[in-house]
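Reading through the structure tokens given below for one structure.
Nothing in this text is a laboratory measurement; each read-out follows from the coordinates by a stated rule. Treat the numbers as computed from the prediction; the structure is a model and nothing was measured. Backbone-built Cβ (ideal geometry, glycine too); neighbour counts: all protein chains shown.
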Amino acid sequence: MESEINKKIGDWEKEFDENFESEIKGLGEIWESHKIKSFIRQLLIQEKAKNRQKFIDALIWCSGSEDFQVGGKARKGWEKICLPLLRDEK
């Protein structure tokens, strides 16, 4: 009877170990997937920040044109579209 119980316990331990190992492996894959997604997200954020800065620099550069100054032919568009974007950056 005792050897039967020990065999059962051994079987349970083996089953637990196998299940635990597969669960850990699954968690590892999820963790790796999460790290990859996090890395890609960070790269996209950095790229967006670079592009945003280029956009802002372009707007600032354009602001020097006479067309965007008071009385210029593009002033209304500048005030409506560009100026609010630059104010949001500060």
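Quick rundown of the values:
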read-out: Spatial extent of region 42-81: Rg and Dmax, with the Cα atoms as the point set, Å; value: 13.5, 43
read-out: Potential extension, Arg87-Arg41 segment - 0.36 nm per residue separation minus Cα distance; value: 13.9 nm
read-out: Additional length obtainable on full extension of the chain from Ile56 to Glu15, 0.36 nm per residue less Cα span; value: 8.7 nm
read-out: Spin-label model distance (nm) - Lys76 vs His34, 7 Å beyond Cα toward Cβ; value: 5.4 nm
read-out: Tally of Lys pairs whose C-alpha atoms are under 28 Å apart, taken over region 29-90, 8 or more apart or cross-chain; value: 18
read-out: For Asp67, net neighbour charge (Lys/Arg +1, Asp/Glu -1) across residues whose Cβ lies under 13 Å away; value: +1
read-out: By average C-beta atoms within 10 angstrom, highest first, the peptides 48-58, 77-87; value: 77-87, 48-58
